[in-house]
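Below you'll find the structure, written out as structure tokens, and then a few comments.
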Amino acid sequence: MTIRQRSTISVPGHIEKMHTKAFASSVDVVMLDLEDSVPVDSKHLAREQVIKTLAGIEVQKGRGISVRVNGTDTPYCFRDVIEVVLAASAKIDSIVLPKADSAGDVHFLSRLLDGLEAELGTEKQIAIDASIESALAIENISEIATAPRVRALIFGIADYSASIGARLSSISGHGEEDADVYPGHRWNYVMSKIVQTAKAYNLLAIDAPYGNFKDLLELGKSAKISAALGFDGKWAIHPSQIETINNVFSPTSEEIDRATRILAAAKASPGRGAVAIDGRMVDRATIRLAKKLMDSVK
């Protein structure tokens with residue numbers, strides 16, 4: 001079964017009660033985090049807790065599970081991958097690779113997974129979700145996208161901002177108050193680049209979280225921009241954000257009705273390059289858009 005990835009909630013690996021809340025929510029993907037949300041002195045504890053959580057949960061149909069490991073430039077990455085995958089490979093759909101600056105980072109993780117899966121004797125292949133978080137990553141994005149196992153490109157807004165020396169416009173650095181410092185959409189170029197590359201290679205494009213989890217109105221606006229640009233989903237950092245994100249990245253009844261009418265008109269006029277609905281032209285490109293929308297609700 002294909003896993004929808006409208007919403008992904010990031011959960012600190014060392015805090016068990018947050019795991020329980022995440023798995024009880026309506027989120028599409030639970031991402032257990034071993035990286036930025038975990039203090040250095042809790043890295044080992046987080047690894048143990050993630051393994052314990054995965055051992056104790058029953059995988060819900062249609063629910064994805066990811067683990068974000070530490071970056072390849074840290075002393076934690078290889079142990080994160082080895083210990084967690086050996087203990088719980090059957091329940092993990094993807095490894096989120098942070099700060100994937102080059103295809104070499106992905107190749108390292110992919111070869112490590114090759115060895116672990118060979119040892120386990122499993123045919124299931126764990127995917128890699130590559131987090132694009134720097135100017136160098138954008139420079140190398142096509143090579144990253146075509147590296148082995150990659151299924152998604154994720155926008156890491158805060159680290160990307162730091163890498164290019166952008167001004168800090170809010171407390172969290174995760175998209176709030178950007179309109180106050182830039183006339184237009186501040187991240188249009190990099191977000192469009194991520195989407196364009198992801199779609200060129202048939203990958204998912206996932207947007208960064210919105211930092212102010214109490215402001216659901218602005219979260220909705222941020223998510224709508226992401227969806228308009230072609231992103232498939234967005235990260236959440238709090239359960240309260242999940243419903244808003246799921247709603248934005250789900251077709252509305254009006255959109256479903258429109259797509260149904262387009263496909264019906266196309267079916268009624270086979271072989272024609274274009275048809276008219278309500279005095280408006282509908283061509284093959286429009287029909288493909290309608291079909292893609294209907295496929296997303298199956």
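Here are the numbers for this structure:
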| read-out | value |
| --- | --- |
| Qualifying aspartates and glutamates (Cα of each under 18 Å from Cα of Lys43; at least 8 residues distant if same chain) | Glu16, Asp33, Glu35, Asp73, Asp80, Glu83 |
| Contact order relative to length of region 9-113, as percent, for alpha carbon pairs under 8 angstrom and 6 or more apart | 25 percent |
| Which of Asp129, Asp159 has the fewest Cβ neighbours within 10 Å, and the rest in rising order | Asp159, Asp129 |
| Whichever lysines have a C-alpha closer than 17 Å to that of Lys267, once near sequence neighbours (fewer than 8 apart) are set aside | Lys291, Lys292 |
| Acute angle (nearest 10 degrees) that the helix 216-229 long axis makes with the longest principal axis of the chain, alpha-carbon atoms | 70 degrees |
| Candidates His238, His14, His185: whichever shows maximal mean-square fluctuation once the chain is modelled as a Gaussian network with Cα springs under 10 Å | His185 |
| Residues of type aspartates and glutamates that Lys193 reaches as a straight line, Cα spacing below 16 Å, ignoring anything fewer than 8 places off in the same chain | Asp101, Glu133, Glu139, Glu143, Asp207, Asp232 |
| Antiparallel bridge percentage (DSSP; both residues within the chain; nearest 5) | 10 percent |
| Gain upon complete extension [Glu218, Asn247; 0.36 nm per residue less C-alpha separation] | 9.0 nm |
| Members of Lys21/Lys234; Lys124/Lys221; Lys124/Lys224 lying beyond 29 Å, as alpha-carbon distances in this model show | Lys124/Lys221; Lys124/Lys224 |
| With Cα atoms, 0 to 90° folded angle of helix 77-88 axis to the chain main axis | 80 degrees |
| Option label - Cα extents along the principal axes in Å computed here, alternatives (i) 65, 49, 37; (ii) 57, 44, 34; (iii) 58, 46, 38 | (i) |
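All of the numbers you see were taken from the coordinates with simple rules; none came from a lab. The structure displayed is predicted, hence computed values, not measured ones. Positions of Cβ are generated from backbone atoms using ideal geometry, with glycine treated the same way; all protein chains shown enter the neighbour counts.
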